[in-house]
Amino acid sequence: AAFVYHGIHKKGGRELKYIVIVKCGTADERTSPRAGNRGKRDSQLIIAGLFNRLHYSRRLSELDLAICRAFQDLNLSVNALKYLMAIDADTRVHPDSTSHMIYSMEKD
């Protein structure tokens with residue numbers, strides 16, 4: 001099981017739209033400190049699976065539908081995404097790394 005939260009972070013006149021997927025696991029896992037954790041890169045697999053099902057017009061899961069509703073609420077089109085950053089909650093991101101990453105991708 002998972003919960004989907006979304007919103008807009010505003011700071012210094014700038015906005016960042018975000019979607020957070022909180023994986024909480026099955027009822028049997030809920031007492032475990034690692035409930036819902038499926039290993040490395042499982043967060044990326046959730047979003048990659050969604051894009052795969054959308055691209056091939058396959059049936060969406062409940063989680064997929066919740067993520068799509070979050071995109072709609074934020075007035076974002078899945079087809080118009082240019083960049084997507086998927087990280088786990090225990091991952092630190094240096095403040096400059098995102099701008100460096102986008103600059104490098106734009107340059108290529």
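Looking only at segment 45-56, decide whether some residue is part of a loop (DSSP other than H, G, I, E, B) and at pLDDT below 95. I'd like the intermediate steps shown before the answer.
Going through segment 45-56, the residues part of a loop (DSSP other than H, G, I, E, B) turn out to be 56.
Narrowing the set further to residues that are at pLDDT below 95 leaves none.
Looking through segment 45-56, none of the residues is part of a loop (DSSP other than H, G, I, E, B) and at pLDDT below 95.
Any idea how many residues of segment 53-72 are exposed (fewer than 11 other Cβ atoms within 10 Å of the Cβ) and more than 17 Å from H6 (Cβ to Cβ)? Break it down stepwise before answering.
We begin by selecting, within segment 53-72, every residue exposed (fewer than 11 other Cβ atoms within 10 Å of the Cβ); these are 55-57, 59, 62.
Keeping just the survivors that are more than 17 Å from H6 (Cβ to Cβ) gives 55-57, 59.
Total meeting the criteria: 4.
The values are calculated or read from the model by the stated rules, or taken from the named source; none is laboratory data. Only a predicted model underlies this, so the values are computations on that prediction, with no experimental measurement involved. FYI the Cβ positions are ideal-geometry reconstructions off the backbone, even for glycines, and counts take in every protein chain you see.
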